[in-house]
Amino acid sequence: MTKSSSNAMWGGRFAAGPDAIMEAINASIGFDKRMARQDIDGSRAHASMLAAQGIITDTDAETIREGLLTVLSEIEAGTFEYSAALEDIHMNVEARLKEIVGEPAGRLHTARSRNDQVATDFKLWVRDQFDAAEGALLSLIDGLLIQAEAGADWAMPGFTHLQTAQPVTWGHHMMAYVEMLGRDLSRVRDARARMNECPLGAAALAGTSFPIDRDATAKALGFDRPSANSLDAVSDRDFALDFLNCASITAMHLSRLAEELVIWSSAQFRFVTLSDRFSTGSSIMPQKKNPDAAELIRAKIGRIFGANTALMIVMKGLPLAYSKDMQEDKEQVFDAADNWMLAMAAMDGMVRDMTANRESLAAAAGSGFSTATDLADWCVRALNMPFRDAHHVTGSLVAMAEKEGCDLPDLTLAQMQTVHGAITEDVFSVLTVDASVASRTSYGGTAPDQVRSQVARWREVLA
């Protein structure tokens, strides 16, 4: 079998490079090059600290820092030549730095290991993704608030078991997703704060004998503090699991909304019209307008859940500290991040572009005896009837309406009185959809004033 060229970065320990199979399984440059900017930022901060502590000269540190900027410019310009023989982004950057600045490049790795280097790079990358996720969530919540405010008093059916339950408002339904995504936002912020400890300086696993200043590198890289245990610092991937957990829960929420949009945009419901920007046609049926963006969002959760499970399995049996298994931590996170951000952007676009069909919503809101609970509540209030008895009376009236082929408001008073003689004409005041919706004034209820109050509260929270 052919041999690759010897990897000079390993020094004299190995006389020959790995064969092609070993190179293929060992190299991570194909995916970890996404962390190039974070790697260079970490190295520049490390070089500055080494000079400040007198571990390397100011001249060498400045040469290194400027050389790293040259490397970054090549990467951003697309002219940088990556080498699988150099395994990863860290070795690729360092090798190119040596070509540019010569001997000072060899001083950069003083008091540092690839173990704390990769942990730092990965944390910086994940932290950037948390920031992007926060922005995407804020935008999507804003889009939902716009929909909620516009339809605060638009009646629609509320469902349980996908069966008509009670009338609610469009605004109230939109605000349910605001609450879900608000929890997602709090999880993102919480996870970002928890992860913001700097591994740099933990070295391979035990720290270093050089007089480094870990507070300085932590501050330079925007961390709150250095991590407190060197073993944990290089072997911790909880931050990546937190990220995947946040992505998974948000994706689940997006999938639920996507499912509703698929149902609501169908010819059988016509609750919403999705814009052409987020729909496709059929290759054979000219009348079709398919909610493909919603369906793809619904499917993205499989990839994101899969990434979460995969990393859990990678990490579950690893003894401290670093093991090469942990190289398998990034591809899942990269893929999940891409799909999470794409799903949020697509949903944001759909929510802002979609049109709620008020007439269809209102027509459906009164179907399926949706005001039956209002009738039972009226019996409790007006007739001082125990709720269980009121439930029985209402059930009998629903059965009567079904037999007559009409809805509850279409029954006559005389018909109702055959079930319970004390029922009065006042009962009809609670049997309209609008009256039902308006009566739900308890905190968090569907009454239009409650919806508007919740919209205002969220705008204040997010301001």
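Descriptive notes on the structure:
- Shape of the range 20-107 from the C-alpha gyration tensor: prolate (a/c of 1.5 or more and a/b above b/c, with a ≥ b ≥ c the square roots of its eigenvalues).
- Area of S453 that stays accessible when all protein chains are in place (1.4 Å probe, Å², to 10): 60
- Other residues lying with their Cβ under 13 Å from the Cβ of L320 contribute a combined charge of -2, Lys and Arg counting +1, Asp and Glu -1.
- Heavy atoms of L383 accessible to a 1.4 Å probe, total area in Å² rounded to 10: 40
- The charge dipole of the chain, taken about the Cα centre with unit charges on the Cβ atoms of Lys, Arg (+1) and Asp, Glu (-1), comes to about 400 debye, rounded to the nearest 20.
- When the solvent-accessible area of the chain is split by element, carbon and sulfur atoms take up 53 percent of it, the probe being 1.4 Å.
- Net charge contributed by nearby residues that have their C-beta within less than 14 Å of A193 (K/R +1, D/E -1): 0
- Under DSSP loop assignment and at most 10 Cβ neighbours within 10 Å, longest chymotrypsin sites (Phe, Trp or Tyr not before Pro)-free interval of the chain: 15-442
- Positive dipole terminus of the range 367-462, leading residue within S453, F369, T394 (C-beta point charges): S453
- Going by accessible surface with a 1.4 Å probe and the largest first, I263, I56 read I263, I56.
- Solvent exposure ordering (accessible area, 1.4 Å, most first) of S266, S442: S442, S266
- Nearest-10 value in Å² for the accessible area of I249, using the 1.4 Å probe: 40
- Think of the chain as a dipole: +1 on every Lys or Arg Cβ, -1 on every Asp or Glu Cβ, centred on the Cα centre; then among W340, P211, Q53, P211 lies furthest on the positive end.
- The range 70-117: trypsin sites (Lys or Arg not before Pro) in DSSP loop, at most 13 other beta carbons within 10 Å: none
- Accessible surface, 1.4 Å probe, highest first, among residues C406, C379: C406, C379
- Computed over the range 361-463: relative contact order in percent, which uses C-alpha pairs under 8 Å that are six or more apart: 24
- Rel. contact order, % - alpha carbon contacts under 8 angstrom, at least six apart, the chain: 16
- Relative contact order computed over the range 20-107 (Cα-Cα under 8 Å; 6+ residues apart), in percent: 41
- For the chain, the per residue solvent-accessible surface stands at 46 Å², with DNA, RNA and ligands left out and a 1.4 Å probe.
- Charge dipole (the chain, unit charges on Cβ, about Cα centre) - positive-most of A133, M91, V419: M91
- Taking a straight Cα-Cα cut-off under 23 Å and skipping sequence neighbours fewer than 8 places away in the same chain, the lysines within cross-link reach of K219 are K123.
- Share of pairwise Cα separations in the chain, more than 44 Å, in percent: 36
- Assigned charges on the beta-carbon of Lys, Arg, Asp, Glu; the range 299-456 dipole about Cα centre (debye): 460
- Span-like helix check, the chain: qualifying full DSSP H segments, with Cα axial length of 27 Å or more and mean Kyte-Doolittle of -0.5 or more, are 58-77, 114-150, 238-264, 292-315, 330-353.
The values are calculated or read from the model by the stated rules, or taken from the named source; none is laboratory data. Please read all numbers here as calculations on a predicted model, not as lab measurements. Cβ coordinates were reconstructed from backbone atoms using ideal geometry, including for glycine residues, and neighbour counts include every protein chain displayed. Ligands, DNA and RNA are excluded from the accessible area calculation, which covers all protein heavy atoms including side chains. Shrake-Rupley method; radii C 1.70, N 1.55, O 1.52, S 1.80 Å.
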